[in-house]
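Student: A single structure is presented below for examination.
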Amino acid sequence: MRAIDLETARGLLAPLSDVVAEASAAVLAIDRGSARLEDKDDGSPLTRADLAADRVIADGLARFAPDLPVISEERVASAAATNGTTFFIVDPIDGTKEFIAGFDDYTVNLALVSNGKPLIGLVSAPALGLLWRGVVGLGAERVAIANGRIVADSVTKIHTRRCPAQQWIAAVSRSHIDSRSEAFIRKRPGAVRKQIGSALKFCRVAEGSADIYPRLAPMSEWDIAAGHAVLEAAGGRVTDSRGGALHFGGDPASLIIPELIAWGDPSAITPQAPD
């Protein structure tokens, strides 16, 4: 399918928001204490909440965008090859470990990728009652969600902030700590580390409550596509360690991004020397 233009993307944002809000309600309806089903081959947990959110999103996308391929973390084996075209990518619950452990910083992620880049991003935090959304080129916003719906008159426009010279905030993972990311932060004096689970790290940078999120280790495209779009819609940039753009799409069997740095302030982008 051809690339999606901005006006088409604008028209998709509301129905996609409804789908993510409904999926968020499905997650909240699951008891965390008995949600765990099994561990996947990579050791990550699978829960009833992952499957419930995935089912809601799959049904919603089939209703109003049946012709677009969908790649979901929970249905990779049956995903249609994207061939670099336009497709949806879904992480029904990002931060499943946080969900099981009782933390509130897990998210439901949905993105539309076009021409190898996330164009539309939606990241909800069901336990916080919030949804961050954006279209790259049209801006980003945060809305409240409740009972599977968007709360009327709750829209707040968001934008990244200029990186302060001192006391800048680095969003870091609670569950995934890697030596390269830690070395990157240590090289930039004045960092205050803020532990945040899931794609919520992108959202905190997008709204200006954090400045940067380095993840210099491999991750799956569904973990980051939605947050990538929200952040870039809010004025930030997501690059590799050399300052280059990331590419999404291709063979569903190898949807891996080797590294990323999410910058709230594009003027602060500094290519890193090779290790």
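Student: How much net charge surrounds residue 224 when only other residues with a Cβ under 11 Å from its Cβ are counted (Lys, Arg +1; Asp, Glu -1)?
Tutor: -3
Student: Tell me which lysines have Cα within less than 20 Å of residue 97's Cα, excluding those fewer than 8 residues away on the same chain?
Tutor: Straight-line reach from residue 97, under 20 Å: 40, 194, 201.
Student: Rounded to whole Å, give me the distance from the Cα center of the range 219-263 to that of the range 180-217.
Tutor: 15
Student: Quick one: grab the alpha carbon gyration tensor of the range 6-158, order the square roots of its eigenvalues as a ≥ b ≥ c, and give me rounded if a/c is under 1.5, else prolate or oblate depending on whether a/b is larger than b/c.
Tutor: oblate
Student: Please compute the contact order of the chain in relative form: average sequence separation of alpha-carbon pairs under 8 Å and at least six residues apart, divided by the residue count, as a percent.
Tutor: Relative CO of the chain lands at 18 percent.
Student: Hydropathy first: keep DSSP H helices in the chain averaging at least -1.0 on Kyte-Doolittle, then drop any whose Cα extent along the axis falls short of 20 Å, and list what survives.
Tutor: Both cut-offs are met by 6-28, 48-64.
Student: Moving on. Considering only the other residues whose Cβ falls under 15 Å of the Cβ of residue 155, what net charge follows from Lys and Arg at +1 and Asp and Glu at -1?
Tutor: After counting each charged neighbour, the total is +1.
Student: Running a GNM on the chain with Cα contacts under 10 Å, which residue among 177, 169, 185 ends up with the highest mean-square fluctuation?
Tutor: 177
Student: Sequence gap at least 6, Cα distance under 8 Å: using those rules, report the relative contact order of the range 168-268 to the nearest whole percent.
Tutor: Reported relative contact order: 30 percent.
Student: If contacts are Cα pairs under 8 angstrom and at least 6 residues apart, what is the relative contact order of the range 66-185 in percent?
Tutor: Dividing the mean separation by the residue count of the range 66-185 yields 13 percent.
Student: Using the Karplus curve 6.51 cos²θ - 1.76 cosθ + 1.60 with θ = phi - 60°, what ³J(HN,Hα) values do you get for each residue of the range 197-209, in whole Hz, with x for Gly and Pro?
Tutor: x, 6, 6, 4, 4, 4, 5, 5, 5, 4, 8, x, 9
Student: Just subtract the alpha-carbon distance of residue 67 and residue 269 from 0.36 nm times their residue separation and send over the number in nm, one decimal.
Tutor: Contour length minus the Cα-Cα distance gives 69.0 nm.
Student: Mean-square fluctuation check for the chain, GNM, Cα pairs under 10 Å: which of 118, 214, 66 is largest?
Tutor: So, out of 118, 214, 66, the one fluctuating most is 66.
Student: Select from 156, 86, 96 the residue whose mean-square fluctuation is largest in a Gaussian network model of the chain (Cα-Cα springs shorter than 10 Å).
Tutor: Per the Cα network of the chain with a 10 Å cutoff, 156 tops the list.
Student: Report the label-to-label distance for residue 10 and residue 177 in nanometres (one decimal), using points 7 Å from each Cα along the Cα→Cβ vector.
Tutor: For residue 10 paired with residue 177, the spin-label model returns 4.6 nm.
Student: From the residues 107, 26, 123, which one has its Cα farthest along the dipole of the range 6-158 in the positive direction, the dipole being from +1 and -1 charges on Cβ of Lys/Arg and Asp/Glu about the Cα centre?
Tutor: Positive-most Cα among the choices belongs to 123.
Student: Now for a separate question. Modelled label-to-label distance, residue 44 and residue 147, 7 Å Cα→beta-carbon offset: nm?
Tutor: Reported label-point gap for residue 44 and residue 147 is 3.3 nm.
Quick note: the coordinates plus some simple rules give every number you see, no bench work behind them. Remember, it's a predicted structure, so these values are computed and weren't measured experimentally. Quick reminder, even Gly has a Cβ in these numbers, built from the backbone with ideal geometry, and neighbours come from all protein chains shown.
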